[in-house]
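Participant: Structure in structure tokens, see below.
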Amino acid sequence: MQGEHCLFVVSGPSGAGKDTVVACLRAAHPEVQRTVSATTRAMRAGDADGVSYHFLSVDDFERRLAQNELVEHTSYCGNYYGTLRSEIEPRMAAGIPVILVIEVEGAANIKRLYPGATTVFVLPPSLEELERRLRGRGTESEEKVQSRLRRAEEEMALAAAYDEHIVNDTPQTCAAALYAIIQNRMNGQ
Ligand code: 5GP
């Protein structure tokens, strides 16, 4: 499909700092956009509806699924997450680079649907640092932290399938590495 080169899929374990890296990149380069996913998870402190996610009820999510409004979706730690078609197709048509911050299953589905998309895996400096960051967030129960850590180990095992890999030592250097990947692809390299 036209405009597949505009799609940049960013994954990495929960706590790797993907959102901070993407926010850092967008602060410097606002022409790079990011999709707002749909989810059924509860809002966390700092979340705003329509900004961090479109927060939907399970019924609403399932209705949109049935109406083919989502290009991919998954169930992650007990909640639905998915990418709305309306978040990517207009940008692809207009040639605007857009970042999707999604987990590994969704990334594989996007790559299958749009083979010209670029997949980028954000690695934490180490698993110990990842655990420290997850606990430091202080927003999740111990059970949820454990669930996210187990899922992180599974996700890291799938990193090899990604087109590009960047280590989040600091959000600034990682954002610069991500921007270089975007520029190269948008310039046809
Ligand atoms: P969180 O609850 O921490 O915001 O997100 C949990 C996981 O869901 C993260 O790995 C995040 O990247 C992923 N995620 C967010 N939106 C989507 C989406 O639209 N599709 C898929 N497949 N995963 C998503």
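Participant: Is there any pair with a first residue in segment 44-58 that is of a type in the set (Asp, Glu) and a second that is open to solvent by less than 40 Å² (accessible area, probe 1.4 Å) whose Cβ atoms are under 7 Å apart and which are 6 or more apart or on different chains, and what are they?
Facilitator: Asp49/Phe55
Participant: Residue under question is Pro97, and the condition is that it be over 16 Å from Thr40 (Cβ atoms) and touching a residue at least 40 places away in the same chain (Cβ under 8 Å); does it hold? Quick ask: steps written out before the conclusion?
Facilitator: Numbers: over 16 Å from Thr40 (Cβ atoms): yes; touching a residue at least 40 places away in the same chain (Cβ under 8 Å): yes.
Spelling it out, Pro97 is indeed over 16 Å from Thr40 (Cβ atoms) and touching a residue at least 40 places away in the same chain (Cβ under 8 Å).
Participant: With the requirement that a residue be within 12 Å of the ligand (Cβ to nearest atom), out of contact with any helix residue (DSSP H, G or I) (no Cβ under 8 Å at 6 or more places or on another chain) and more than 13 Å from Asp163 (Cα to Cα), what does segment 82-109 give you?
Facilitator: Arg85, Glu87, Ile88, Glu105, Gly106, Asn109
Participant: Which of the residues that make up segment 142-160 are within 22 Å of Thr118 (Cα to Cα) and in contact with a helix residue (DSSP H, G or I) (Cβ under 7 Å, 6 or more places away or on another chain)?
Facilitator: The first filter runs over segment 142-160 and keeps only residues within 22 Å of Thr118 (Cα to Cα), leaving 152, 154-160.
Matches in segment 142-160: Ala152, Glu155, Leu158.
Participant: Give segment 49-78 a look and list any residue that's over 30 Å from Gly138 (Cβ atoms) and either near the ligand (Cβ under 9 Å from one of its atoms) or not charged (D, E, K, R) (or both), or say none.
Facilitator: Leu65, Ala66, Gln67, Asn68, Leu70, Val71, Glu72
Participant: How many residues are within 10 Å of the ligand (Cβ to nearest atom) and either of a type in the set (S, T, N, Q) or in contact with a Gly (Cβ under 7 Å, 6 or more places away or on another chain) (or both) if we restrict to segment 1-48?
Facilitator: Here the count works out to 8.
Participant: Of the residues Glu155, Glu87, which single one is buried (at least 17 other Cβ atoms within 10 Å of the Cβ), without any contact (Cβ under 8 Å) to a residue 60 or more places away in the chain and not hydroxyl-bearing (Ser, Thr, Tyr)?
Facilitator: Being buried (at least 17 other Cβ atoms within 10 Å of the Cβ), without any contact (Cβ under 8 Å) to a residue 60 or more places away in the chain and not hydroxyl-bearing (Ser, Thr, Tyr) holds for just one of Glu155, Glu87, which is Glu87.
Participant: Do you know which residues across segment 166-175 are open to solvent by 60 Å² or more (accessible area, probe 1.4 Å), assigned to a helix (DSSP H, G or I) and in contact (Cβ under 8 Å) with a residue 24 or more places away in the chain?
Facilitator: Listed by number, the list holds a single entry, Gln172.
Participant: Still on this structure, I have one more. Return the only residue of Ala45, Ala16, Ala107 being open to solvent by less than 20 Å² (accessible area, probe 1.4 Å) and at pLDDT below 95.
Facilitator: Ala16
The values are calculated or read from the model by the stated rules, or taken from the named source; none is laboratory data. Bear in mind the structure is a predicted one, so any value in this text is a computation, not a measurement. Cβ sites come from the backbone with ideal geometry, for glycine too, and all protein chains shown count toward neighbours. Quick note on the areas: whole protein, heavy atoms, side chains included, nothing else; ligands and nucleic acids left out. Shrake-Rupley method; radii C 1.70, N 1.55, O 1.52, S 1.80 Å.
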